[in-house]
Amino acid sequence: MEEEIKLMKGNEALAMAMIRYGADGYFGYPITPQSEVLETLMAQKPWETTGMVVLQAESEVASINMVYGGAASGKVVCTSSSSPGISLMQEGISYMAASELPALIINVMRGGPGLGTIQPSQADYFQATKGGGHGDYHLITLAPSSVQEMCDFVGLGWDLAFKYLTPAIILADGVVGQMMEKVVLPPQRKRLTDEEVRQRCPWAANGRKGMRKKNVITSLELDPSLMEVNNERFQRTYKKIEENEVRFESIGTEDCDYLIVAFGSLARISQKAVEMARKRGLKIGILRPITLWPFPKAEVARLSERVKGILVPELNAGQMIEDVRLAAGSGVRVEHFGRLGGIVPSPDEILDAFEKLFLGK
Amino acid sequence: MAKIRGAVVVNEERCKGCSLCVVACPTHTLALQPKEVNDRGYHYAYMADAPSCIGCASCALVCPDACIEVYKVRVD
Amino acid sequence: MDVNDIIKPENKVYGKPVLMNDNNMHYCPGCSHGVVHKLVAELLDEMGVAEKAVGIAPVGCAVFAYNYLDIDWVEAAHGRAPALATAISRLYPENLVFTYQGDGDLAAIGTCETIHAANRGENITIIFINNAIYGMTGGQMAPTTLIGMKTATTPYGRRVDLNGYPLAITDLLARLDGTCYVTRQSVHTPAAVRKAKAAIKKAFQNSLDKKGTSIVEIVSTCNSGWKMSPAAANDWMAEHMFEKYPLGDLKNV
């Protein structure tokens, strides 16, 4: 299959991207607003074309543990869900982080806490970027703000997960999942043969072919001195990721007097707000973190020395703002603007909030 | 008449002295060491009555720690 | 004839299976786990499938199964072994994938994954050690604990009004269309060990032949948890456990 231009929903793009990036398996459970992922995969029947396994599991708990099994065997696997389902998966994600396994998890966030709402939200920022489950770990956290990025980050997520042997998460929201846009689907990436999997992942538990040394995937280590060694190794990996994999997009940050730091759908909406502001003579730039972990601390620090104030609009009560404040230091005012419970603000609202907070209007 | 003779070798360090082999032995060949213990403090199993062994492997079958090897010969 | 004339390589009829290594197992003396480990190791070797075997270890006493049998293993989250096995079996259809689970792992926290994997008819073998108690955590009640049985969390005996009934989950699994072979065995006598081995062999063969899910329950002892000697625990099991958990095939398609 060649590169192809299509009009589709973000959730559909996720599914198409999985097939085209050569996924071996998807295991998921329906939940609004991301059910189109599994629906699209079942309609595409990739098991007849690429040989990809697609399975509707009995729960999110089962899905993530199927992903754990698949990742442990060296295969390219993923799952997707929305906030309550991702909460259910945290134990399995922690096991995968501790077992140093590559896997991709996708959260198309909805408003919480609890069963909450099915409308868009960004309230799982803490959960995704600070670990989420038990123990000291991080997930490489990618925040798409377009349907194209929904597609691209599937490939990027797996590439990073296999490069560092740790799970990655795409932290999208209901807006990006449900909106339709033009998307360039990549050419079909060939799935690895079992032999190629064995070469790429000599550590994988998939049978002692040729009676090689046995492979055991486990997160258990009762000896605390050895468990400390394991943890130190995880931290070294995280440090390497922080050094090498920070990604962000800057819009008009070189001449700006004020800065908006926003991710995902809110970066898109903020972009419109910034255009409106520039027409009024207000120079606002946008820093859009693409990797929420590792967070673009250095860029926030650099810009914070120049700007008069930073606004952090989020679909939550103030989560990413904590990382912005930590990076910005004390010399600059950092303010939050949030809508909760599934409400998505308009560009006007963001601009109004900015003017009220920073210009006293 | 042909006669079956058997013998067992107990991995004394692996044995935990659970006595299940002693119970399973149909010829009362095996017993636990009354005084001797291995490095881990277990009274390990041994052939208390070696000539009676018929090499039936009952002891080895029920041994949870796979510490019994069984040998068998036919004596004409 | 001297014993040393008998103990010669050519006369050896039984020994430690090649796939079981020299690590001393952490199990208590007389624990049934060791016997079942041994049978699994013997069969994987005898059936010539060590190269394509992947075992899924549980949480519970058998969590360290991977330290003793020299095949590939994944250590699952508590109760989730059938979910891991599902994925590996589907991603490597030619592999022999089996789970090894205790009564808490399979019949309490992992009931959902167990039933659904079996109901989908995953081509896996589930080896289920039912000793009616939680061994690893120190002898608490299991879903399979018998009425009246004393455990750390039923110190006056299991009471129906407080704790409900013992769960014969294998009977339930036998009724699912996805299972092809469901059997209940034990390993307390040489004859029982031979039967259990034949059962596990059949289960493994079914998985290789992609016939659906096979479940081999081993009614077992936990002499430490039961606070008995290993021999007394075997007798107690035969006297009390087999009534609720009768041995034999429940389903053989």
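Some observations on this one:
- Subset of segment C:27-67 that is more than 25 Å from B:Cys18 (Cα to Cα), of a type in the set (A, V, I, L, M) and assigned to a helix (DSSP H, G or I) - its residue that is nearest to the other protein chains (Cβ to nearest Cβ): C:Ala50
- Note on segment B:24-46: among residues that are in contact (Cβ under 8 Å) with a residue 24 or more places away in the chain and among the β-branched types (Val, Ile, Thr), the one that is farthest from the other protein chains (Cβ to nearest Cβ) is B:Thr27.
- Of the residues making up segment A:216-259, those that are outside any loop (DSSP other than H, G, I, E, B), hydrophobic (A, V, I, L, M, F, W, C) and crowded, with 16+ Cβ neighbours inside 10 Å are A:Val216, A:Ile217, A:Phe234, A:Ile241, A:Phe248, A:Ile251, A:Leu259.
- No other residue among A:Leu311, A:Leu287, A:Leu266 is in a strand (DSSP E or B), within 18 Å of the chain's Cα centre (by Cα) and closer than 23 Å to A:Leu171 by Cβ apart from A:Leu287.
Each row is one residue, and each column tells you yes or no for (1) among the acidic types (Asp, Glu); (2) more than 21 Å from A:Leu171 (Cα to Cα).
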site: A:Lys190; (1), (2): no, yes
site: A:Gln199; (1), (2): no, yes
site: A:Thr218; (1), (2): no, yes
site: A:Leu226; (1), (2): no, yes
site: A:Glu245; (1), (2): yes, no
site: A:Leu282; (1), (2): no, yes
site: A:Thr291; (1), (2): no, no
site: A:Phe295; (1), (2): no, no
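- Top-ranked residue in segment A:47-56 [being without any contact (Cβ under 8 Å) to a residue 60 or more places away in the chain and more than 24 Å from the chain's Cα centre (by Cα); ranked as farthest from the other protein chains (Cβ to nearest Cβ)]: A:Thr49
- Failed criterion for C:Met237 (all others in (1) at pLDDT 95 or above; (2) over 27 Å from C:Lys150 (Cβ atoms) hold): (2)
- Of the residues examined, C:Lys16 is one that is buried (at least 17 other Cβ atoms within 10 Å of the Cβ), within 24 Å of B:Arg74 (Cα to Cα), of a type outside the set (Phe, Trp, Tyr) and in contact with a helix residue (DSSP H, G or I) (Cβ under 9 Å, 6 or more places away or on another chain).
- Segment A:57-80, residues that are under 17 Å from C:Arg120 (Cα atoms) and either acidic (Asp, Glu) or more than 10 Å from every other protein chain (Cβ to nearest Cβ) (or both): A:Glu58, A:Glu60
- The combined condition, being surrounded by fewer than 19 Cβ atoms within 10 Å (Cβ to Cβ), modelled with pLDDT of 95 or more, under 27 Å from A:Gln127 (Cα atoms) and out of contact with any strand residue (DSSP E or B) (no Cβ under 7 Å at 6 or more places or on another chain), is fulfilled by A:Ser346.
- Put simply, of A:Gly116, A:Gly69, A:Gly74 the only residue that is in contact with a helix residue (DSSP H, G or I) (Cβ under 8 Å, 6 or more places away or on another chain) and surrounded by fewer than 24 Cβ atoms within 10 Å (Cβ to Cβ) is A:Gly116.
- Between A:Val332, A:Val300, the distinction of being aliphatic (A, V, I, L, M) and out of contact with any Ser or Thr (no Cβ under 6 Å at 6 or more places or on another chain) belongs to A:Val300 only.
- For A:Arg212, the conditions (1) surrounded by 14 or more Cβ atoms within 10 Å (Cβ to Cβ); (2) basic (Lys, Arg); (3) without any contact (Cβ under 8 Å) to a residue 60 or more places away in the chain all hold with the exception of (1).
- When C:Ile115, C:Ile56 are screened for being surrounded by fewer than 24 Cβ atoms within 10 Å (Cβ to Cβ), under 19 Å from the mean Cα position of the chain (by Cα) and of a type in the set (A, V, I, L, M), only C:Ile115 passes.
- Residues of segment A:268-289 satisfying the condition of being touching a helix residue (DSSP H, G or I) at 6+ places or on another chain (Cβ under 7 Å) and farther than 22 Å from A:Met179 by Cβ: A:Ala277, A:Ile284, A:Leu287
- Within segment A:191-210, restricting attention to residues that are under 28 Å from the mean Cα position of the chain (by Cα) and among the small types (Gly, Ala, Ser), the residue that is farthest from C:Asp45 (Cα to Cα) is A:Ala204.
- Index of the failed condition, C:Trp73 passing every other in (1) more than 8 Å from chain A (Cβ to nearest Cβ); (2) within 25 Å of A:Ile64 (Cα to Cα); (3) of a type in the set (Phe, Trp, Tyr): (1)
For (1) under 26 Å from C:Leu43 (Cα atoms); (2) touching a residue at least 60 places away in the same chain (Cβ under 8 Å); (3) assigned to a helix (DSSP H, G or I); (4) in contact with a Pro (Cβ under 6 Å, 6 or more places away or on another chain), each residue gets a yes or a no:
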| site | (1), (2), (3), (4) |
| --- | --- |
| C:Asp177 | no, no, no, no |
| C:His188 | yes, yes, no, no |
| C:Ala191 | yes, no, yes, no |
| C:Arg194 | yes, no, yes, no |
| C:Met228 | no, no, no, no |
| C:Ala233 | no, yes, yes, no |
| C:His240 | no, yes, yes, no |
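- Residue satisfying condition, being out of contact with any helix residue (DSSP H, G or I) (no Cβ under 6 Å at 6 or more places or on another chain), crowded, with 24+ Cβ neighbours inside 10 Å and more than 14 Å from chain C (Cβ to nearest Cβ), within set A:Leu38, A:Leu7, A:Leu14: A:Leu38
- Within segment B:1-21, if we keep just the residues that are within 11 Å of chain C (Cβ to nearest Cβ) and over 16 Å from C:Gly34 (Cβ atoms), the residue that is surrounded by the fewest Cβ atoms within 10 Å (Cβ to Cβ) turns out to be B:Lys3.
The values are calculated or read from the model by the stated rules, or taken from the named source; none is laboratory data. The structure displayed is predicted, hence computed values, not measured ones. Positions of Cβ are generated from backbone atoms using ideal geometry, with glycine treated the same way; all protein chains shown enter the neighbour counts.
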